[in-house]
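S.K.: Below you'll find the structure I mean.
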Amino acid sequence: MTSVIRAWESFLEGNPAPTGVRDEVLLSWRRSRWSGVDPERPDLPEIPVASDSRFQRTAAPVLESIAEPLVGDRTAMHLLDPDGVVMWRWVTDAQLARELDAADARVGVRWAEDAVGTSGGGTTVETDRPATVVGAEHFATKLHGWACSAAPVVHPLTRRVCGIVNVSVRAADANPHLPLVVRSMVAAVTMELRNQAGAQQRRLLETYLAWRHRTRKPLVAVDDRIAISDEIAVEHDDLWDRLVAAGPLATVIDIDALTLARIHPVTPGTLADGAVLVVDPSPDATAPTPIVVSADDPWTPLERAERDVIVAALDRHGGNKSRAADEIGLSRRALYDKLARYRIRR
């Protein structure tokens, strides 16, 4: 661990490629710096948390049922939403709870990488991949006394990340089995999500897959509970509300200001079983040239540098977002968020 501390100090002193640290951690440090995270005083925003989210209602009881025998009282568990906001915490030891509060690992705090830097939960949010971070691998100094391991929960029908399971211990208590524990928890939550998926959602998925064989256009399948899409980012509640407002006889709906979709109900004449939307982006929505940024843009030098890295990666891969995201070390969702933030249109 001494070599990691030296690498962390060297990185903060300006060395972009110190030795003695894992590649995935170094990539995360670079993203943390691009995001302007202060390692001594990270700015973690607090956000109101809904106590009745579907993911929390499903996952929390599952984790509580296996917590005691699996992790014991020297361990804490957190559930994060896909944006990194802590929505639930389990900890039985009062002293450990106080230490977690001091580290801002409490309900309502947003633990995304662009807020706290490298961490198990934050890095998983950024990459949609499991991440384990121990001691000085954390970007923020105040987290060097902790070890955390996290992994995304992918909904078995929508195939989208619906939340993050994170397990935290003091760094002195870290052991190599921590990722296996998290993997077991994610498997248990995923099984419960699968058990809760009713016949209506399975029929919606079957209809979506049938349309997938009929067209190469982007698709979204949506009902009152879930949205299925592997190509475009959608906000379920907003999309469903607009679909219901359009009514069962509507044939077209706006996805956003530049994108239309044709409506194909699962059951003709009603939206009770959901619908598949065949998306037709306008030519302007997929233009290959980035938007020109004015000289008085609102971004910091670090943000401009991150934007330039993203544009260069897209250029190298001919606009292929999946390959560009892999090169930079981002999830597709995180890349789409940054494309919108920097007004890059490819």
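The values are calculated or read from the model by the stated rules, or taken from the named source; none is laboratory data. What you are looking at is a predicted structure, and each value in this text was computed from that prediction instead of being measured. We place every Cβ from the backbone using ideal geometry, glycine too, and count neighbours over all the protein chains shown. Calculation scope for accessible area: heavy atoms of the full protein, side chains included, ligands and nucleic acids excluded. Shrake-Rupley method; radii C 1.70, N 1.55, O 1.52, S 1.80 Å.
S.K.: Within region 181-217, take every residue that is part of a helix (DSSP H, G or I) and among the charged types (D, E, K, R) and give me the one that is farthest from GLU68 (Cα to Cα).
M.R.: ARG214
S.K.: Which residue, of VAL161, VAL133, VAL181, is closer than 15 Å to ALA76 by Cβ, modelled with pLDDT under 95 and not polar (S, T, N, Q)?
M.R.: Exactly one of VAL161, VAL133, VAL181 is closer than 15 Å to ALA76 by Cβ, modelled with pLDDT under 95 and not polar (S, T, N, Q), namely VAL181.
S.K.: Here is a further query. Which numbered condition in (1) surrounded by fewer than 16 Cβ atoms within 10 Å (Cβ to Cβ); (2) within 24 Å of GLU68 (Cβ to Cβ); (3) without any contact (Cβ under 8 Å) to a residue 40 or more places away in the chain is the only one that ASP173 fails?
M.R.: The failed condition is (3).
S.K.: Considering each of GLU64, GLU68, GLU99, GLU46 in turn, give the residue that is open to solvent by 20 Å² or more (accessible area, probe 1.4 Å), of a type outside the set (Gly, Ala, Ser) and at pLDDT 95 or above.
M.R.: Sole residue among the options that is open to solvent by 20 Å² or more (accessible area, probe 1.4 Å), of a type outside the set (Gly, Ala, Ser) and at pLDDT 95 or above: GLU99.
S.K.: Okay, moving on. Can you tell me which residue in region 257-277 is least open to solvent (accessible area, probe 1.4 Å), limited to those that are of a type in the set (A, V, I, L, M) and assigned to a loop (DSSP other than H, G, I, E, B)?
M.R.: LEU258
S.K.: Another question, then. Within region 241-256, work out how many residues are surrounded by fewer than 15 Cβ atoms within 10 Å (Cβ to Cβ) and in a loop (DSSP other than H, G, I, E, B).
M.R.: Selection size over region 241-256: 3.
S.K.: In addition: Can you tell me which residues in region 187-239 are closer than 30 Å to MET77 by Cα, open to solvent by less than 20 Å² (accessible area, probe 1.4 Å) and modelled with pLDDT of 80 or more?
M.R.: VAL189, LEU193, GLN201, ILE226, ALA227, ILE228, SER229
S.K.: Name the single residue, out of those in region 144-158 being over 24 Å from ASP43 (Cβ atoms) and in a loop (DSSP other than H, G, I, E, B), that is modelled with the highest pLDDT.
M.R.: HIS155
Rundown of residues vs (1) open to solvent by 10 Å² or more (accessible area, probe 1.4 Å); (2) farther than 24 Å from ILE5 by Cβ; (3) part of a helix (DSSP H, G or I); (4) of a type in the set (D, E, K, R), yes/no style:
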residue	(1), (2), (3), (4)
TRP88	yes, yes, no, no
THR92	yes, yes, no, no
GLN95	yes, yes, yes, no
ALA115	no, no, yes, no
THR118	no, no, no, no
GLU126	yes, no, yes, yes
LYS142	yes, no, yes, yes
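S.K.: To continue, here is another question. Can you name the residue in region 297-346 that is among the hydroxyl-bearing types (Ser, Thr, Tyr) and touching a residue at least 60 places away in the same chain (Cβ under 8 Å) and, of all such residues, is surrounded by the fewest Cβ atoms within 10 Å (Cβ to Cβ)?
M.R.: Initially, region 297-346 is screened for residues among the hydroxyl-bearing types (Ser, Thr, Tyr), giving 300, 322, 331, 336, 342.
Subsequent filtering for residues that are touching a residue at least 60 places away in the same chain (Cβ under 8 Å) retains 300, 331, 336.
On the way: THR300: 12, SER331: 19, TYR336: 15.
Per the criteria, the residue is THR300.
S.K.: From the list ARG22, ARG6, ARG89, which one is over 24 Å from ARG129 (Cβ atoms) and among the basic types (Lys, Arg)? First the steps, then the outcome.
M.R.: Working: ARG22 fails: over 24 Å from ARG129 (Cβ atoms); ARG89 fails: over 24 Å from ARG129 (Cβ atoms).
Among ARG22, ARG6, ARG89, only ARG6 is over 24 Å from ARG129 (Cβ atoms) and among the basic types (Lys, Arg).
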